[in-house]
1. Taking θ as phi - 60°, what are the ³J(HN,Hα) couplings along the stretch 59-69 by the Karplus curve (6.51, -1.76, 1.60), each to the nearest whole Hz, with x for Gly and Pro?
2. Quick query: amide H of Lys113 versus all other amide H atoms, modeled in the peptide plane; which residues come in under 5 Å with a sequence gap of 5 or more or a different chain?
3. Mind listing the phi-derived Karplus ³J(HN,Hα) values for the stretch 161-172, rounded to whole Hz, using 6.51, -1.76 and 1.60 with θ = phi - 60°, and x for any glycine or proline?
4. Taking loop as defined by DSSP and a crowding limit of 12 other beta carbons within 10 Å, which GluC sites (Glu not before Pro) in the stretch 1-102 fit?
5. Under 11 Å from the Cβ of Gly112, count the other residues' Cβ atoms, weight Lys and Arg +1, Asp and Glu -1, and hand me the total.
6. Looking at the stretch 13-209, what % of its DSSP beta bridges pair antiparallel, to the nearest 5?
7. How far is the Cα center of the stretch 26-75 from the Cα center of the stretch 109-142, in Å?
8. Per the helix-only calculation at 222 nm, which mean residue ellipticity applies to the chain, given -39500 (n - 2.57) for every DSSP H run of n ≥ 4 and division by its residues, nearest 500 deg cm²/dmol?
Amino acid sequence: MQIQPIYNENAIVVTGICGSLREESYTRLAVETALIGASQQGAQARLIDLRDYDLPFVDGREKEDYPEVVHQLKREVAGAQGIILGTPEYHGSYSGVLKNALDHMGFREFEGKVLGLIGVAEGGMGAVNALNHLRLVGRSLRAWVIPQQVSLPQVWGLYDDDGNLKSGHIEAHIIEVGRQVARFAALRRNEQFSEFIREWETAMNNPGAE
Ligand SMILES: Cc1cc2nc3c(=O)[nH]c(=O)nc-3n(C[C@H](O)[C@H](O)[C@H](O)COP(=O)(O)O)c2cc1C
C-alpha cells in the first residue's frame with residue numbers, strides 16, 4: 001500500500017549515513033536507495049559518505065578542539081529531521097567507522113529525530129545483530145527508531161554488475177524505509193503530533209527499564 005503524504009514535507013531533510021568506507025560498498029548502494037524513498041515522499045535527501053570526512057577518533061579532547069570536518073558532520077546531521085543509518089555487519093555488530101562517527105555526535109544531532117536502519121552482510125544470517133545494536137544506540141540518543149528495517153543477507157548475490165538490485169521486492173522494501181523516515185519526520189514536526197510526542201518524551205522514566 002502506498003503511503004500518501006498528508007503534510008507539506010518539502011522542508012523535511014533526511015540524511016543517510018553510510019557506515020562503510022569500501023569503494024564499492026553495498027551499504028552505500030542500499031542507503032542511496034532508501035534516500036530515493038525519502039525524496040519520493042517529498043524530503044530533501046542527502047548522503048553523508050564518511051569517505052569524505054577524515055574523522056579522527058574520539059579521544060576525549062574538548063569538543064571545539066576537533067577539526068572542522070567533525071563540526072561539519074555534526075551540522076549536517078543536526079540539520080536533518082530524519083536520519084538513515086546504513087552499516088555492514090562486522091563481527092556481529094555495526095562498523096567501527098560508524099561507531100566513531102556516532103560517538104562524535106549526541107543528543108543535539110539525534111534527540112527526537114526519526115531514525116531508519118539498514119544493514120548488509122556477507123553471511124546468510126544478515127545484519128540483524130548490527131541493526132539491533134544500532135537500535136539500542138538510537139534509543140540511547142533518544143531518537144525514534146522506526147520499527148521497519150532492512151537487513152540484506154548474502155548481499156554480494158543481490159546486486160548486478162551495474163550496482164542495481166536484482167529483486168524489485170527487496171528494492172521496494174528499502175525504499176519503504178526511506179519513505180517511512182520522511183513520513184514520520186513530517187508527522188513529528190506537525191503541531192498536534194508534537195504535542196503528543198512532548199507528552200510522551202516527558203513521561204516518567206521506567207526505572208526498571210534502564
Ligand atoms: C571486519 C569485518 C567483519 C565482518 N563480519 C561479518 C559478520 O560478522 N557477518 C557477516 O555476515 N559478514 C561479515 N563481514 C562481511 C561484510 O558484512 C560484507 O563484506 C559487507 O558487504 C560489507 O559491507 P560493504 O559492502 O558496505 O562494505 C565482515 C567484514 C569485515 C571487513
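Please treat every number below as a calculation from the coordinates, not as lab data. Because the structure is predicted, anything quoted here is derived from the model rather than measured. A quick note on method: Cβ atoms are made from the backbone with ideal geometry, for glycine too, and the neighbour counts reach across all protein chains shown.
1. Listing the rounded values in order: 9, x, 5, 4, 3, 6, 8, 6, x, 3, 4 Hz.
2. Those lying under 5 Å, H to H, from Lys113 are Trp144.
3. 5, 8, x, 9, 5, 6, 9, x, 5, 5, 4, 5
4. Qualifying residues, ordered by number: Glu23, Glu24, Glu62.
5. Every neighbour counted, the sum reads +3.
6. In the stretch 13-209, DSSP labels about 10 percent of beta bridges as antiparallel.
7. 15
8. It comes out at -12500 deg cm²/dmol, rounded to the nearest 500.
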